[in-house]
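Read the figures in this text as sums done on the coordinates, not as results from a lab. If you're wondering where the values come from, they're calculated on a predicted model, not measured in any experiment. Every residue, glycine among them, receives a Cβ derived from its backbone with ideal geometry; neighbour counts consider all protein chains shown.
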Amino acid sequence: MQKVDVTSKYSDNYQVNEAFKALRTNILFCGSDIKVIIVTSCQPSEGKSSVSVETAISMAQMGKKVLLIDADLRKSVMAAKYHIGSEVKGLSELLSGLATLEQVLCATTTENLHMIFSGPVPPNPAELLGGKQIQVLLENLRDVYDYIIIDSPPLGSVIDSAVVAGFCDGAILVVAADRIKYSFAQGVKEQFEKSGCKILGAVLNRVEMKKSAYGKYYSGHYGRYYGKSASPYK
């Protein structure tokens with residue numbers, strides 16, 4: 001099994017660490033039946049992949065066995081971020097029957113955390129993500145991992161996330177501050193609801209704490225990431 005260097009880039013940032021610990025705690029309070037969690041956003045560049053990685057790391061650091069799946073089959077950023085070459089097979093190859101689970105699983109430098117990268121861009125992403133193979137895969141992995149975090153494409157751009165959400169226990173929506181209109185976010189939320197997947201909550205990302213009204217109250221507690229959650233989330 002190939003080992004990938006995956007560690008938190010915010011290890012020295014107390015405020016960000018506390019924000020992710022708060023998000024982790026809120027996920028735990030959602031209940032033991034919430035094991036497969038999909039993370040998406042309304043549009044690209046809202047930070048959903050970073051939130052997925054940091055959440056997975058935070059869960060692993062408390063002793064949970066975690067699998068992070070990069071399901072952004074159209075435009076993944078993780079392979080480049082972690083310098084993954086073509087020799088590492090990924091999710092698209094696994095779902096197409098071109099690779100086995102053993103061939104796509106990667107260990108990481110974070111204890112308790114494994115990853116599956118997206119693999120080459122397939123001609124039929126939505127069909128692969130909505131097929132029987134991924135449903136069977138997730139059902140089998142439930143018995144192996146405490147939590148499975150799925151980083152998926154922005155739901156405001158393509159339907160892939162809603163397709164995968166049907167096999168998940170809960171969804172987290174990452175929203176960049178001052179970039180998304182309320183009506184747009186509501187539309188994305190409604191798409192998730194149609195999939196039957198429980199919406200766990202939203203993470204408000206890229207908040208400028210010193211300039212924002214949020215900063216007046218939370219400046220001593222949270223940094224760039226502020227996870228707003230409840231149990232169950234509204």
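Observations on the structure shown:
- Where a residue in segment 161-176 is in a helix (DSSP H, G or I) and its partner, wherever it lies, is surrounded by 24 or more Cβ atoms within 10 Å (Cβ to Cβ) and hydroxyl-bearing (Ser, Thr, Tyr), with Cβ under 6 Å and at least six apart: 161/40; 161/152; 164/152
- The residues of segment 106-158 that are of a type outside the set (D, E, K, R) and more than 18 Å from the chain's Cα centre (by Cα), listed by number, are 109, 120, 121, 122, 123, 124, 128, 131, 133, 136, 140, 144.
- Only one entry of 86, 45 meets the criterion of being small (Gly, Ala, Ser) and over 27 Å from residue 192 (Cα atoms), and that entry is 86.
- Within the set 41, 58, the sole residue that is in contact (Cβ under 8 Å) with a residue 12 or more places away in the chain, buried (at least 16 other Cβ atoms within 10 Å of the Cβ), farther than 21 Å from residue 162 by Cα and touching a Lys or Arg at 6+ places or on another chain (Cβ under 6 Å) turns out to be 58.
- Among the residues making up segment 91-136, those that are surrounded by 15 or more Cβ atoms within 10 Å (Cβ to Cβ), within 16 Å of residue 67 (Cα to Cα), touching a helix residue (DSSP H, G or I) at 6+ places or on another chain (Cβ under 7 Å) and not small (Gly, Ala, Ser) are 91, 94, 104, 110, 112, 113, 116, 117, 134.
Matching residues to (1) within 14 Å of the chain's Cα centre (by Cα); (2) in a loop (DSSP other than H, G, I, E, B); (3) surrounded by 23 or more Cβ atoms within 10 Å (Cβ to Cβ):
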position	(1), (2), (3)
8	no, yes, no
21	no, no, no
25	no, no, no
30	no, yes, no
46	yes, yes, yes
53	yes, no, yes
74	no, yes, no
80	no, no, no
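- Selected residue (criterion: farthest from residue 92 (Cα to Cα)) from residues of segment 105-143 that are touching a strand residue (DSSP E or B) at 6+ places or on another chain (Cβ under 8 Å), hydrophobic (A, V, I, L, M, F, W, C) and part of a loop (DSSP other than H, G, I, E, B): 105
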